[in-house]
1. Can you tell me which residue in the range 182-194 is least open to solvent (accessible area, probe 1.4 Å), limited to those that are of a type outside the set (Asp, Glu) and more than 12 Å from the chain's Cα centre (by Cα)?
2. Of the conditions (1) aliphatic (A, V, I, L, M); (2) at pLDDT 95 or above; (3) over 18 Å from Leu7 (Cβ atoms), Leu111 clears all except one; give me its number.
3. List every residue pair whose Cβ atoms lie under 7 Å apart, where the two residues are 6 or more positions apart in sequence or sit on different chains, the first residue falls within the range 189-208 and is on the phi < 0 side of the Ramachandran plot and among the aromatic types (Phe, Trp, Tyr), and the second residue, located anywhere, is at pLDDT below 95 and open to solvent by 60 Å² or more (accessible area, probe 1.4 Å).
4. Tell me, yes or no, whether the range 153-171 has at least one residue that is closer than 19 Å to Val73 by Cβ, among the acidic types (Asp, Glu) and in contact (Cβ under 8 Å) with a residue 40 or more places away in the chain.
5. Output the number of residues of the range 65-95 satisfying the condition of being in contact with a strand residue (DSSP E or B) (Cβ under 8 Å, 6 or more places away or on another chain) and on the phi < 0 side of the Ramachandran plot.
6. With the condition being farther than 28 Å from Glu173 by Cα and open to solvent by less than 60 Å² (accessible area, probe 1.4 Å), I'd like the helices (runs of 4 or more DSSP H) fully within the range 8-80 carrying at least 1 qualifying residues.
7. So which residues in the range 165-179 are in a helix (DSSP H, G or I) and surrounded by 15 or more Cβ atoms within 10 Å (Cβ to Cβ), if there are any at all?
8. Return yes or no: is Val153 within 13 Å of Ala122 (Cα to Cα) and at pLDDT 95 or above?
Amino acid sequence: AKADALLPCLYEYYVCYDLPEYHRKLHYLPLPMEVPTVTNKCRLKVEGPVRVLVGIQKERDYVKGASLIAALVDKIAAENPGLIKVRRVVDVPYNEYLTMLDEADVLIDQLYSYTPSMNSLAAMAHGTVVIGGGEEEFYEFIGEKTLRPIINVRPEQDEYNLKALRGALLCPEKIEDMKRQGLEFVRKHHDYLKVSRMYIDVYKKVLEG
């Protein structure tokens with residue numbers, strides 16, 4: 001209530017502050033991300049089985065739900081031998097994790113989100129498709145009409161999730177398209193220079209009263 005400006009960086013944060021008394025000072029500013037300029041590291045082609053990376057943080061998995069998504073992916077992989085290769089890692093150093101992202105086609109991020117957070121955006125910037133939050137309300141909120149780079153999953157909706165996962169993981173051509181969409185999405189909505197200018201504009205408005 002005492003702040004001069006409220007700057008939520010995720011759609012779900014924005015909704016929490018979206019109250020009449022805060023409208024005047026509420027500004028959505030996306031998370032900033034630098035897209036690697038050397039894109040030949042990005043595996044935009046799917047060669048062989050679709051490679052799925054499960055990155056588990058033991059202390060945070062209960063709020064992320066990655067292991068629950070992984071169980072569904074395991075089920076689909078067992079039903080379709082040779083089409084999906086799952087790799088699990090636990091608490092790896094960040095630089096090593098980024099190398100793994102470059103080698104993966106798909107990253108299992110989190111179950112309990114409406115929108116992509118920093119981990120999802122970093123993966124998309126590396127040409128890796130994300131399983132996580134990509135609800136239509138979010139795309140409408142940011143005015144995105146065409147790009148749909150995220151395999152959206154929802155808590156406690158296993159049938160919905162299995163359908164979404166099968167529709168992507170069993171179709172390498174779709175994964176390749178989503179890889180390209182992910183790179184375009186991050187460049188379009190989360191470029192760090194664009195986000196920096198948005199912050200400067202908000203600061204100027206606040207200083208000008």
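The values are calculated or read from the model by the stated rules, or taken from the named source; none is laboratory data. Since the model is a prediction, treat every value here as computed from it, not as a measurement. With ideal geometry, Cβ positions are generated from the backbone for all residues, glycine too; neighbour counts draw on all protein chains shown. When the accessible area is computed, the model is the full protein with side chains, heavy atoms only, and any ligands, DNA or RNA have been set aside. Shrake-Rupley method; radii C 1.70, N 1.55, O 1.52, S 1.80 Å.
1. His189
2. (2)
3. These pairs meet every condition: Tyr192/Glu34.
4. yes
5. Within the range 65-95, residues that are in contact with a strand residue (DSSP E or B) (Cβ under 8 Å, 6 or more places away or on another chain) and on the phi < 0 side of the Ramachandran plot number 17.
6. Fully inside the range 8-80 and qualifying: 11-17, 61-64.
7. Those that are in a helix (DSSP H, G or I) and surrounded by 15 or more Cβ atoms within 10 Å (Cβ to Cβ): Leu165, Arg166, Ala168, Leu169, Pro172, Lys174, Ile175, Glu176, Asp177, Met178, Lys179.
8. It is false that Val153 is within 13 Å of Ala122 (Cα to Cα) and at pLDDT 95 or above.
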